[in-house]
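Visitor: Before we start, here is the structure in question, set down as structure tokens.
Nothing in this text is a laboratory measurement; each read-out follows from the coordinates by a stated rule. Since this is a predicted model, take the numbers as computed values, not measurements. FYI the Cβ positions are ideal-geometry reconstructions off the backbone, even for glycines, and counts take in every protein chain you see.
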Amino acid sequence: MAGGYAGKFLRVNLTEGSWSDFTLGDDILKMFIGGSCLAAKLFLDRYPLDADPLSPENPLMIMTGPMVGSGFPGTSRFSVCARSPQTGIWAESACGGTFGPDLKRAGYDGVVIEGRSNGPVILAIDDSGVSISDASSLWGKDIYEATDELKTRDKSAKVLVIGPAGENLARIAAIGNDKGHFSGRAGLGAVMGSKNLKAVVVRGTSAKAVKADGEGFKLAMKTAMQEIKDSALAEGLHMMGSDANMDLGMVTGDVPVKNWTSGGEFDLASNLSGPTMREKYLTKAHACTNCPIACKRVVKVDDGPFATAEGPGPEYETCAVFGTMLMNPDLTAVIKANELCNRYGMDTISCGSAIALAMELYEKGEITKDRLGGLDLSWGNMDAVLELVRQTAYREGFGDILADGAVHAARRLGGSAMDAVVHVKGLEAPMHDPRGFHGMGLAYMMSNRGACHLQHFVLATEQGMASWPQLFDMKDDYEGTTSVGKAALVYNSENYGILANSLSICHYVAYSIRPETLRDAFNAITGFGFDFADLLSTGMRDWTLKRGFNNLLGITSKDDVLPKRAMTALEEGGAAGSVPDTALLLKEYYALRALDERGFPKAEMLVRLGLDDLKSRLYQ
Amino acid sequence: MPIKAMTQEWMDAYKAAIQADPDYKSIAKDWEGSVSLVVNPEPARNVPEPIYLFMDYWHGDVGDFVVCDKEKADSAKFVMTGDYARWKQVAYKELDATKALLQGKLKMKGDLPYVVRNIKTVNKVIDILGKVDTLWPDGNK
């Protein structure tokens, strides 16, 4: 068996209350590696694509990769995958924390959950076996409360939990791991809720199958640790968290402001920045299992209207979406909004984006105070925002409209709403403005879960956090506001970056170490003997597989578009006057990806990648 | 008339350019502290020895701008080190200094969050650097 794998997967049927193990051959593992790539392969092979995402027929997959549990930095991760109830297409959401390594130690590379329980249940997995138990006493509790209770029962347990948003089938619901780590995007918490699955609890103590020994691994490990120690990026992430981007991004035109309509709010950004958080509210940095970077923030707000007990702090995305996007200059209010989203179990990007939409429509008079139940949704009114966060999680009042995300909300609200949403394929864009970085615009158009900054390494390469000329042809420095040369950069950055979610390694660690080090560690663990070309080819297969999945669900070239607002130039800020040349970007990119005019992978490319089954389905 | 790079005359010109910039004073109003640049030698590019440059910035004003020894360079609040060719790329705006730092092409000793918070000041002084009429040791582009 290939190294790094526990050697078996768990299949659970909640309708039947049954479970069984299954295995996959080395040939499959070598082609699809693990994480979200392997999940997509399993989904295509075994499940109906057209089932309602909130029906029992939509499987929920929790997958690790071969590096998870090895002790290599940044490999605590796992991917949760399903068909998205928010977008209707492929959904995956990678998460750090503690769950992944323990699942491996409990003997499983992944879990596939089918069906629907009659009532709320907990799925528990440990070295000695599997059990399904009643979760009635946990149903209704928020993620922090449920996590605390589950850890009271077993303090060593690692838990995945949904909150009220998932229970109420909000299509922007997230899944939380140990309070501070989330599979946030694309509504996977609602899929879990639709199965009446409140929690998955793992406790793994076995050391076998997760320890990679050997001189090659030791050397790669030692090299990685030194590279991380020498990395200014890693240092910055440790000191300021991902919110280090706020100050830098405001200068370069990366940070969206006032629902993507403004630029250059430097004072606003400074209040919300990583240095400010560090200076005023940080109590300590927190790390996922085996991570020397420790980018996670633990914060506390002692007093004021948004006082918050010590707990997980916001990432950059949250600081932008509940800060600059809403014209809110108060970081304590962002911290409170983050805590509420964590507790209720909602994706902060989707939730904040939906509220930004509502604020804009309120300003335009398209939503009245009466419709909001008396809330004054003026820009920056964070008391109203926090109440709307709560209503969204519980589908109360106007929150019921926002609970399915900005695109669903815009459809229901009509008027100018849809023109005010920045999304691709139904998923709200993360907080990186494609007008400031045209490559990111292309990446949004082509990412397989909709607008996404985590299905590739474009953020690192286009913004200059990393340069890997040994891996593919690239420059040290790219100008953000040009589309020339970006298609190839995006294509290559996808092929390398998408591997993060199959190998299950953190982006920040991958940015901080050389590709040679990652390759050597991967080979030392798996024994696959991949060179760079093999790695990039595997990434190509991963992307193409998921594209085919979406093609089978009706996605075509017509869906590869940036919305009107993202194509409207700003008058000020780092991205002033700039919009991506989408025609150029798509033309060059389609050629590189071997996509036909419909946006389908060409048959010869599918064959070259060993995706013959997919070819048969796309070309039947 | 171009001035030979990394000489005292060049430092004087750089200082004068900063003082003459209409926007520098307001952009750099919050900046406190000296910066030194350490230029690693590259004999093949006519830089046979390390070069140390010390620059004192204070709330929009500038103080000492001198070619110095290692000891004085090390005394600065921020010490940035890189190969000669990298510094030249930065001056020519072929390589953004922040990106160079993140990619490990330049190294910095000092308070990174402070630099991030004041990134507009950093960008401004580099922008002015590129405007100094310079004669580089290995020739101009």
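Visitor: Provide A:Trp468, B:Trp58 in ascending order of the number of other Cβ atoms located within 10 Å of each residue's Cβ, fewest first. Show your work: numbers first, answer last.
Guide: On the way: A:Trp468 19, B:Trp58 12.
With the sparsest Cβ surroundings first, the list reads B:Trp58, A:Trp468.
Visitor: Roughly how big is the protein assembly as shown's charge dipole about its Cα centre, with Cβ charges of +1 (Lys, Arg) and -1 (Asp, Glu), in debye to the nearest 20?
Guide: Values: 82 positive and 97 negative charges, 279 e Å.
Computed about the Cα centre, the dipole is about 1340 debye.
Visitor: Could you work out [θ]222 nm for chain A from helices alone, using -39500 (n - 2.57) per DSSP H run of at least four and dividing by all its residues? Round to the nearest 500 deg cm²/dmol.
Guide: Values: 26 runs with 246 residues, N = 620.
For chain A, the value works out to -11500 deg cm²/dmol.
Visitor: Summarise the long-distance tail of P(r) for the protein assembly as shown by giving the % of C-alpha pairs beyond 36 Å.
Guide: 42 percent
Visitor: A follow-up question, please. Out of all DSSP beta bridges with both ends in the protein assembly as shown, state the antiparallel percent to the nearest 5.
Guide: Values: 64 of 85 bridges.
Here the antiparallel bridges make up roughly 75 percent for the protein assembly as shown.
Visitor: What helices does chain B hold that run 30 Å or longer along their axis, going by alpha-carbon atoms, with a Kyte-Doolittle average of -1.0 or more, using DSSP H for the helix calls? Present the calculation step by step, with values, prior to reporting the outcome.
Guide: On the way: long enough: none.
Sorted by number, there is nothing, because no helix extends far enough and scores high enough.
Visitor: Here is a further query. If you plug each phi of segment A:185-190 into the Karplus form 6.51 cos²θ - 1.76 cosθ + 1.60 with θ = phi - 60°, what whole-Hz ³J(HN,Hα) values come out, in order, with x for Gly and Pro?
Guide: After applying 6.51 cos²θ - 1.76 cosθ + 1.60, I find 8, 6, x, 5, x, 6 Hz.
Visitor: Continuing with this model, one more query. What translational D, rounded to a whole number of µm²/s, comes out for segment A:141-292 from Stokes-Einstein when the hydrodynamic radius is the Kirkwood one over Cα pairs, at 4 °C and 1.567 mPa s?
Guide: On the way: Rh = 18.9 Å.
Estimated via Stokes-Einstein, D reaches 69 µm²/s.
Visitor: Right, another one. Which aspartates and glutamates have a Cα less than 18 Å from the Cα of A:Lys179, not counting those fewer than 8 places away in the same chain?
Guide: A:Lys179 reaches A:Asp102, A:Asp142, A:Glu145, A:Asp148, A:Glu149, A:Asp154, A:Glu167, A:Glu310, A:Glu315, A:Glu317, A:Glu339, A:Asp347.
Visitor: Run the reach check for A:Lys564 against lysines, Cα to Cα strictly under 24 Å, same-chain hits fewer than 8 apart removed. What comes back?
Guide: Answer for A:Lys564, where 24 Å is the Cα cut-off: A:Lys258, A:Lys364, A:Lys425, A:Lys486, A:Lys587, listed by chain and number.
Visitor: Could you tell me how far the Cα centroid of segment A:38-104 sits from the Cα centroid of segment A:170-235, in Å?
Guide: 12 Å
Visitor: What is the Cα convex hull volume of segment B:51-99 when expressed per residue in Å³? All intermediate terms of the calculation are to be shown ahead of the outcome.
Guide: On the way: hull volume 4.9 nm³, N = 49.
Taking only Cα atoms, segment B:51-99 has a hull volume of 100 Å³ per residue.
Visitor: Can I ask one more? So what are the ³J(HN,Hα) numbers for segment A:573-585, from phi and the Karplus equation (6.51, -1.76, 1.60; θ = phi - 60°), rounded to whole Hz, Gly and Pro as x?
Guide: Going residue by residue, I get x, x, 9, 3, x, 10, 9, x, 8, 5, 5, 5, 4 Hz, with x marking Gly and Pro.
Visitor: Now a separate question. In what sequence do B:Ile3, A:Ile349 fall when counting other Cβ within 10 Å, fewest first?
Guide: Details: B:Ile3 17, A:Ile349 29.
Fewest-to-most Cβ neighbours within 10 Å comes out as B:Ile3, A:Ile349.
Visitor: Next question. Over all alpha-carbon pairs in segment A:9-203, figure out the percentage whose distance exceeds 23 Å. Could the numbers behind the result be given before it?
Guide: On the way: 6600 of 18915 pairs.
That tail contains 35 percent of the Cα-Cα pairs.
Visitor: How large is the convex hull of the Cα atoms of segment A:239-421 per residue, expressed in Å³ as a whole number?
Guide: Working: hull volume 20.4 nm³, N = 183.
With only Cα atoms used, segment A:239-421 gives 111 Å³ per residue.
Visitor: What 222 nm value per residue comes from the helices of chain B, counting each DSSP H run with n ≥ 4 as -39,500 (n - 2.57) and dividing by all residues, nearest 500 deg cm²/dmol?
Guide: Details: 7 runs with 53 residues, N = 141.
It comes out at -10000 deg cm²/dmol, rounded to the nearest 500.
Visitor: List the extent of the Cα atoms of segment A:298-349 along each of their three principal axes, largest first, rounded to whole Å.
Guide: Result for segment A:298-349: principal-axis Cα extents of 25, 24, 16 Å.
Visitor: Okay, moving on. Taking θ = phi - 60°, what integer Hz values does the Karplus form 6.51 cos²θ - 1.76 cosθ + 1.60 yield along segment A:251-267, in sequence order, with x for Gly and Pro?
Guide: With coefficients 6.51, -1.76 and 1.60, one gets 5, 8, x, 8, 8, x, 10, 6, 6, 6, 10, 9, x, x, 8, 5, 5 Hz.
Visitor: Show me, bin by bin at 5 Å from 0, the whole-percent P(r) of segment B:1-127 based on Cα pairs.
Guide: Values per bin, smallest distances first: 2, 10, 20, 25, 24, 13, 4, 1, 0.
Visitor: Another question, then. Skipping prolines and chain starts, which residues have an amide H placed within reach, meaning under 5 Å, of the one on A:Leu611, given they are 5 or more residues away or on another chain?
Guide: Answer set, sorted by chain and number: none.
Visitor: When averaged across all projection directions, what area in nm² does the alpha-carbon convex hull of segment A:233-327 cover?
Guide: On the way: hull surface 24.9 nm².
Computing the convex hull of the Cα atoms and averaging its projections yields 6.2 nm².
Visitor: Taking amide H atoms as placed 1.01 Å from N in the peptide plane, list the residues 5 or more away in sequence, or in a different chain, whose amide H sits under 5 Å from that of A:Ser483.
Guide: A:Asp581
Visitor: Near the amide H of A:Phe457, under 5 Å away, which other amide H atoms are found, from residues 5 or more places off or on another chain, if H is placed in the peptide plane?
Guide: It is A:Glu494, A:Gly497, A:Ile498, by chain and number.
Visitor: Treating the beta-carbon of each Lys and Arg as +1 and of each Asp and Glu as -1, no other charges, what is the dipole magnitude of segment B:3-128 about its Cα centre, to the nearest 20 debye? Don't jump to the answer; show the numbers that get you there.
Guide: Values: 18 positive and 19 negative charges, 87 e Å.
Roughly 420 debye for segment B:3-128.
Visitor: Pairs of alpha-carbon atoms within less than 8 angstrom and 6+ residues apart define the contacts here; what relative contact order does chain A have, in percent?
Guide: Numbers: 1502 pairs, mean separation 98.1, N = 620.
It rounds to 16 percent for chain A.
Visitor: A further question on this structure: So what are the three principal axis dimensions of segment A:335-417 from its Cα atoms, in whole Å, longest to shortest?
Guide: Result for segment A:335-417: principal-axis Cα extents of 32, 23, 19 Å.
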